[in-house]
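Reading through the structure tokens given below for one structure.
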Amino acid sequence: MNFDVRQLIGGHWQKGARTENLRDKYTGEVVGRVHCADGAQVDAAVSGVDRAQSAGPLAPPERQRILAEASRLVDERREELIAGMVCEAGFTRADASGEVNRAIETLRLSGEEAVRLVGDMVPMEGAPGGLGRIGFTMRVPVGVVCAITPFNSPLNTVAHKVGPAIAAGNSVVLKPSLQTPATAEGLVDILLTAGMPAERIALVHGPGETVGPWLLDDPRIRFYTFTGSTAVGEAISRGAGLRRTQLELGSLSSTVICEDADLDTAVAKCVAGAYRKAGQVCTSVQRLYVHRSVADQVTEGLLSAVAELAAGDPRDPQTSVGPLIAESEARRVESWVRSAAASGAVVEAGGERVGSVVTPTVLTGVEPDMQVMCQEVFGPVLTLQAYEDLDAAMREINATPYGLSAGIFTADLGRGLRAARELEMGSVHINETSSSRVDLMPYGGVKASGSGKEGPRYAAREMTEERLISITTG
Ligand code: NAD
């Protein structure tokens, strides 16, 4: 492949002030270059979309038409998008296809929301001073939305930001991860082909440490939608000040298997939820709590399923677990596993590294202060602990600083619902893992996992201002 990843500034594809190499994440080979912005280009990008927005928003049916057509075009261009992600993200074909299928849905759902955005009637007469008055709210676009996105979902997370922003009538400045810029460029190109006016969307590239602060310092941006690490999320929150944000941040996700669960189903779902995208998923099953009475059976099932997962070249159709985004990340994960083993953890499977590939790893005998337990691994590592008392396990789960998502497998719906009430999470899935997501659902975390909701319906609402209108009738 020979990528020449451009920027879209002021309605035109543009070269950068400088370029950076883009690498294949498995071979490490340079496969092209990325045009990166300087401060003047970021300023021009924001000026362009701000000027376009000041002419008023696109009409809702137009937004719907553009997003529906973009959804169709993602499907039409799926092979090109998959090949790009296999190369620049190191995804297996299955993981890359998953991104494409989900982005098709996310854009389609976003289009539907464009014609569904409504306010509320306000019962003004219900309070003193309101007699004779009629009140209602309308949702108006916030204006310019800035989307900053991570490497691990280079297509669907971008669609989850850009789709609702367009649905709500906003203009957008997109700054994708420098690791996966070509997929973002592909999506922007698709939106333009679908009829999105080029002056209403801008795409800039560059390292977050420089381009991020330029974007945060620009008061014309009214809303920041960010997915990435908690540390960067905190910087964005500080930089945004009084402006609104939607922050989808880090996690340390847990799943529980109770003694009455359908164990075969639970094990199969946990394997998928721990090793998809080599574990580089914010809701990845990092901590698995299994009731002591079924722990041996679950461990055995898990290990035999993990033994079937081939790790290595993402282009090989036999491979289930591809590389991590960088060899340095693979070395970090390897060192955390080694350090856990040195402190008494048992490496039941995996724990090896070749280049940037880490073999799917299962650890038992873990302790709360090991890195694999108390920090986000973002790699193919699952820790398994046997529990006696569900309440104690839930207290441990709630003791992490994060609160994105959890799963519990049980045949007892009452128990599942009690867990759902007690776990401090943005979502709790009964009979699914923490890593379960349907793109139309509200999705977001609490505590250090962020604030605000993704999901086209919820995000589109967040990217509007709710304006009250009152009429005094007499
Ligand atoms: P990251 O935080 O390093 O980078 C995310 C984006 O922020 C990139 O575009 C980067 O260039 C930019 N950035 C970096 N520094 C910045 C700054 N100072 N100002 C503004 N922007 C800046 O994250 P990553 O390594 O790409 O992704 C992995 C992280 O994302 C993990 O922590 C994972 O949990 C999280 N994540 C969360 C969710 C969720 O829905 N909660 C989903 C996916 C990933």
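Tabulated values for the structure
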{"quantity": "Centroid-to-centroid separation of the stretch 2-77 and the stretch 93-169 [C-alpha atoms, Å]", "calculated": "21"}
{"quantity": "Qualifying GluC sites (Glu not before Pro) in the stretch 305-381, DSSP loop, other Cβ atoms within 10 Å at most 12", "calculated": "E308"}
{"quantity": "Sequence-distant residues sharing a close amide H with Y387 (under 5 Å, placed H)", "calculated": "V290, H291, R292"}
{"quantity": "Tensor-based shape of the chain (alpha-carbon gyration tensor, a/c under 1.5 rounded, otherwise prolate or oblate)", "calculated": "oblate"}
{"quantity": "Sites matching trypsin sites (Lys or Arg not before Pro) across the stretch 407-450 that sit in DSSP coil, with at most 15 neighbouring C-beta atoms within 10 Å", "calculated": "none"}
{"quantity": "Residues with amide H under 5 Å from that of G445, placed H, sequence gap 5 or more", "calculated": "L249, S451"}
{"quantity": "Cα-based helix-to-principal-axis angle, 181-193 vs the chain, degrees rounded to 10", "calculated": "40"}
{"quantity": "Helix 60-76 vs. the chain, principal-axis angle (Cα, 0 to 90°, nearest 10)", "calculated": "40"}
{"quantity": "Helical contribution to [θ] at 222 nm, DSSP H n ≥ 4, -39,500 (n - 2.57), averaged over the chain, rounded to 500", "calculated": "-12000 deg cm²/dmol"}
{"quantity": "Selection of GluC sites (Glu not before Pro), the stretch 1-66, meeting DSSP coil and at most 14 other Cβ within 10 Å", "calculated": "E29"}
{"quantity": "5 Å-binned pair-distance histogram of the stretch 1-114 (Cα, whole percent)", "calculated": "2, 11, 14, 13, 17, 20, 15, 6, 1, 0"}
{"quantity": "Relative contact order (%) - the stretch 86-196, alpha-carbon pairs under 8 angstrom, separation at least six", "calculated": "29"}
{"quantity": "Relative exposure of K453, K269, K277, K161, judged by other C-beta atoms within 10 Å (fewest first)", "calculated": "K453, K269, K277, K161"}
{"quantity": "Vicinal HN-Hα couplings computed from phi for the stretch 107-114 (Karplus, 6.51 cos²θ - 1.76 cosθ + 1.60; Hz; Gly/Pro x)", "calculated": "5, 4, 5, 4, x, 4, 5, 4"}
{"quantity": "Whole-angstrom Cα spans of the stretch 254-439 along principal axes, big to small", "calculated": "46, 35, 31"}
{"quantity": "Cβ-based charge dipole, the chain, positive-most Cα from A345, N21, V362", "calculated": "N21"}
{"quantity": "The chain: angle of helix 413-422 to the longest principal axis, Cα-based, in degrees nearest 10", "calculated": "60"}
{"quantity": "Whole-Hz ³J(HN,Hα) from phi, Karplus 6.51 cos²θ - 1.76 cosθ + 1.60, for the stretch 42-55, glycine and proline x", "calculated": "5, 4, 5, 5, 5, 4, x, 6, 5, 4, 4, 5, 5, 7"}
{"quantity": "Cα centroid separation - the stretch 175-247 against the stretch 389-467, whole Å", "calculated": "25"}
{"quantity": "Listed residue (L404, Y289, T383) projecting farthest to the positive dipole end of the stretch 254-439, Cβ model", "calculated": "L404"}
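Coordinate-derived values only; no laboratory data. Remember, predicted model here, so these are calculated numbers, not experimental data. Every residue, glycine among them, receives a Cβ derived from its backbone with ideal geometry; neighbour counts consider all protein chains shown.
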